[in-house]
1. Kindly provide the set of residues from region 166-182 that are farther than 29 Å from PRO244 by Cα and surrounded by 16 or more Cβ atoms within 10 Å (Cβ to Cβ), ordered by number.
2. Quick one: count up the residues across region 35-82 that are of a type outside the set (S, T, N, Q) and over 18 Å from the mean Cα position of the chain (by Cα).
3. Tell me the residue from ARG150, ARG163 that is surrounded by fewer than 17 Cβ atoms within 10 Å (Cβ to Cβ), outside any loop (DSSP other than H, G, I, E, B) and modelled with pLDDT of 95 or more, please.
4. State whether one or more residues within region 137-145 are more than 22 Å from PHE203 (Cβ to Cβ) and not β-branched (Val, Ile, Thr).
5. What pairs can you find where one residue is in region 132-151 and over 17 Å from SER170 (Cα atoms), the other is at pLDDT below 95 and basic (Lys, Arg), and their Cβ atoms are less than 7 Å apart, with a gap of 6+ or different chains?
6. Residue by residue through region 229-277, note down the ones that are touching a residue at least 40 places away in the same chain (Cβ under 8 Å), surrounded by fewer than 14 Cβ atoms within 10 Å (Cβ to Cβ) and over 16 Å from GLN92 (Cα atoms).
7. Kindly provide the set of residues from region 129-147 that are outside any loop (DSSP other than H, G, I, E, B) and closer than 14 Å to GLY62 by Cα, ordered by number.
8. Does region 54-67 include one or more residues that are more than 23 Å from LEU261 (Cα to Cα), surrounded by 19 or more Cβ atoms within 10 Å (Cβ to Cβ) and without any contact (Cβ under 8 Å) to a residue 40 or more places away in the chain?
Amino acid sequence: MKIAYLITAYRDFDHLTRLIDNIQGEDTEIFVHIDRKCSYVLPDTLRRRTHLLEDRFLVNWGGFSLTLAFVSLMDACRQQGYYDFILLISGQDFPVASNEEIQRFLSLHRGCEFVAHHQLPFDGWSHSNGGLDRFQYEWPIDEMGFAAAREVVAEQQRRGVCRKFPSQLSPYGGSCWLTISYGLMAYVCDYIAANFDWIYPFFRKVLLADEILLHSIIMNSPYRHQVVNNDLRYIDWYSGPDFPRTLTMEDADKIAQSGCLFARKFDNNVDAAVIDQLEQRRWSQVQNKI
């Protein structure tokens, strides 16, 4: 069972190092995209254990740039070789299960694609009109930032201007943290490459396109029948004060009991103890099997 981890990172690089230390393994390869606006240089000790993307995107929250980073990671992964499963994770994730447990779980679920999704409009995205406002209006975030783009959208709303979703796809949304097969990854990359002439002009001005484009491609594909509506991540979107919540020791029991492979998001500067506990728990699981 060969696994590829595709990581997007932009901050807290001590945690990134720790994450890589914990997920590396004999049948594992790690691909890393670091936001171009970061001056951080990956140490040689990490470079030797990862595939670091040299062509980097300047990632803006909510912009299409994060989707481009995801696709770039997928392309780099394809060029390197074949993997049974590909996991998209962020530099603020941390594994809940041991590497052995992750391998075992994925081995038992060959043929499954883990993509948390919902058809749009979706009641859970009520803050954006069920997700429709994300694409009905143009959000030029990568050109001018989120605040200025929001003013542009407000003007479109005043004028009653809106656009339709591309007729080639039915709209879906969901979590961008995917666990998918090599076959599905290749399908997504090939679909985007073959249809870039209409995908890019439309989706480059979709708010949080990373939560819509990939899901719409997947759920309109032949792979849709293999999709399990679960991202295998423990993420708290409800408790606050930030969304998603930065996890602390208060969340440790819920994380441990979640049955998820990964959790997010973590921050060494907010609470390193919860990461220590997860790490100790993972190593104790390994020791108990020796």
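1. PRO166
2. Looking only at that region, the number is 15.
3. Checking each option against the conditions leaves just ARG150.
4. No, the conditions are met nowhere in region 137-145.
5. none
6. ASN229
7. Passing the criteria: GLY131, ASP133, ARG134, PHE135, ILE141, ASP142, GLU143, MET144, PHE146, ALA147.
8. yes
The values are calculated or read from the model by the stated rules, or taken from the named source; none is laboratory data. Model, not experiment: these values are computed from the prediction. Positions of Cβ are backbone-derived with ideal geometry, glycine not excepted, and every protein chain shown enters the neighbour counts.
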